[in-house]
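Heads up: the structure comes next, in structure tokens.
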Amino acid sequence: MSPPWYSRALERVDRRNAHLWAPDLAASALRREAPVEGFPVHLYVCVTDHFEPRWRKPSLEEERRRVRLWADGFPALAARHRDSFGRDHQRTLFFPVEEYRPEHLHAINELVAKKLVDVEVHLHHENDTADHLRTTLVDFATLLHEEHGLLRKDPVTGKVTWAFIHGNWALDNSMPDGRYCGVDDELSVLLDAGCYVDMTMPCVPSPAQGRVVNQVYYARSSPGRSRGHDTGREVRVGSAARDGELMLIPGPLALHWRSRAMGLVPRVEAAMLEPENPVPFEQRVESWMEHGVSLRGAPNHRFVKLHAHGCNGDAPEWFLREGGPYDRLLTTLERATSDTRRWVLHYVTARELYETVKSLEDGTLPNT
């Protein structure tokens, strides 16, 4: 079923779907709390990789080559970049359910053993049902845990738990034409299957982009209604999850007023690491530091969840080459946070980012 005429008309003039995210982007500037003076700001940088060896359906040999580039090349990159505590740069690989090959996970485990990467769950699906989705996710999580020693079990429930990123961005059946999902109450299914946090957003210019930006929040969905992540309850110091709520941690979303398309339209900072982004590294880093997501009551902790597609096209070369673009980008970030009286840089995995949020929420980690 095609979208109504007014949706198609709006898309022609609003190709970045700003009607979805611009209102809350403006509101986020008003609700942002200033850091407590006299104490540094802790900047947690988490790179989530939509790690897709079968991107554009290559040969098996090409799949192997892509994975081996990362297994061989990432340790050297990570060793060149350390945070304020001397910890190597970290990356979390969200591995697609539908691209599973045991040999790829064996290669990735080489990096896991070196404590450089962690693995979480990614899924592309379409015309799905809630029951089929639940079975798919539980079976894959169990496979990763039992066959590859990945993921972790909840000590209370015994359930294998994992972070999630939705393929094609279509979280909770959020595409206007219903493609790339099919499950309106997907957030509920994710929670029931073992997901502890979703990290899909932001995804500008996709029409799947949620209406809540620059905020860690709890969302819920219900049968027959899509886009449950369009609304939610803010995570703050002293809050806690309620039954049926899933935490969402988005990356920073902002406008680059000093970098404009055709000299007129400000480019969007959507936390995506990709070769074609024309915004200077210094401006991107400044934006992450300014718009990093924080919890109300803990403004001295900011979360920068970035995303990438590390197996796509020339991406391995862009990310891994010594002296290459990503090497220079991380150097720019580390220089910008080198004054430890003002900034403390943390390289963290997706799970560590979530655990830090929970520690701030329940008060076990103080703001300063």
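Observations
- Within the range 127-147, the set of residues being touching a strand residue (DSSP E or B) at 6+ places or on another chain (Cβ under 8 Å) and of a type outside the set (A, V, I, L, M) comprises T136, F140, T142, H145.
- L255 vs. criteria under 20 Å from the mean Cα position of the chain (by Cα) and farther than 17 Å from C46 by Cβ: yes
- Of the residues in the range 103-123, not one is small (G, A, S), touching an Asp or Glu at 6+ places or on another chain (Cβ under 8 Å), surrounded by 15 or more Cβ atoms within 10 Å (Cβ to Cβ) and not in a strand (DSSP E or B).
- Hits in the range 206-234 - residues which are aliphatic (A, V, I, L, M), touching a strand residue (DSSP E or B) at 6+ places or on another chain (Cβ under 7 Å) and surrounded by 24 or more Cβ atoms within 10 Å (Cβ to Cβ): V216
- Test result for E276, surrounded by fewer than 21 Cβ atoms within 10 Å (Cβ to Cβ), among the charged types (D, E, K, R) and modelled with pLDDT under 95: yes
- Flag if A308 is surrounded by 17 or more Cβ atoms within 10 Å (Cβ to Cβ) and more than 30 Å from S59 (Cα to Cα): no
- Exactly one residue out of G323, G313 is of a type in the set (G, A, S) and over 22 Å from the mean Cα position of the chain (by Cα), and it is G323.
- Residue in the range 81-100 that is within 19 Å of the chain's Cα centre (by Cα), part of a loop (DSSP other than H, G, I, E, B) and buried (at least 20 other Cβ atoms within 10 Å of the Cβ) present: yes
- Where L253 falls short, out of the listed (1) without any contact (Cβ under 8 Å) to a residue 60 or more places away in the chain; (2) under 28 Å from L329 (Cα atoms); (3) crowded, with 19+ Cβ neighbours inside 10 Å: (1)
- Close Cβ contacts (under 9 Å, 6 or more residues apart or on different chains) running from residues in the range 224-248 that are closer than 21 Å to A298 by Cβ to residues that are polar (S, T, N, Q) and not in a helix (DSSP H, G or I) comprise G232/Q215; R233/S239; E234/Q215; V235/Q215; V237/N367; L246/S221; L248/T200; L248/Q215.
- Check on S188, buried (at least 21 other Cβ atoms within 10 Å of the Cβ), of a type in the set (S, T, N, Q) and modelled with pLDDT of 95 or more: yes
- Taking each residue of the range 331-347 that is in contact (Cβ under 8 Å) with a residue 12 or more places away in the chain and buried (at least 21 other Cβ atoms within 10 Å of the Cβ) and looking for partners that are hydrophobic (A, V, I, L, M, F, W, C) and assigned to a helix (DSSP H, G or I) with beta-carbon atoms closer than 7 Å, six or more apart or interchain, yields L333/V285.
- Within the range 107-126, residues that are closer than 22 Å to A76 by Cα have Cβ atoms under 6 Å from residues that are hydroxyl-bearing (S, T, Y) and buried (at least 16 other Cβ atoms within 10 Å of the Cβ) in these pairs: D118/T92; D118/T349, counting only partners at least 6 apart in sequence or on another chain.
- You will find that of L320, L295, the residue that is in contact with a Leu (Cβ under 6 Å, 6 or more places away or on another chain), of a type in the set (A, V, I, L, M, F, W, C), crowded, with 17+ Cβ neighbours inside 10 Å and within 30 Å of G238 (Cβ to Cβ) is L295 and no other.
- Residue in the range 154-164 that is within 26 Å of V212 (Cβ to Cβ), among the hydroxyl-bearing types (S, T, Y) and touching a strand residue (DSSP E or B) at 6+ places or on another chain (Cβ under 7 Å) present: yes
- Screening the candidates T161, T135 for the property of being assigned to a strand (DSSP E or B), surrounded by fewer than 23 Cβ atoms within 10 Å (Cβ to Cβ) and of a type in the set (V, I, T) yields one hit, T161.
- Residues satisfying the stated conditions in the range 352-364, i.e. surrounded by 14 or more Cβ atoms within 10 Å (Cβ to Cβ) and in contact (Cβ under 8 Å) with a residue 60 or more places away in the chain: E352, L353, Y354, T356, V357, L360, E361
- Any chance G224 is farther than 23 Å from E355 by Cα and at pLDDT below 95: yes
- Filter pass, R101 being at pLDDT 95 or above and closer than 27 Å to D198 by Cβ: yes
The values are calculated or read from the model by the stated rules, or taken from the named source; none is laboratory data. Note that the structure is a prediction, hence the values are computed from the model and not measured. Here Cβ is always computed from backbone atoms with ideal geometry, including for glycine, and neighbour counts include all displayed protein chains.
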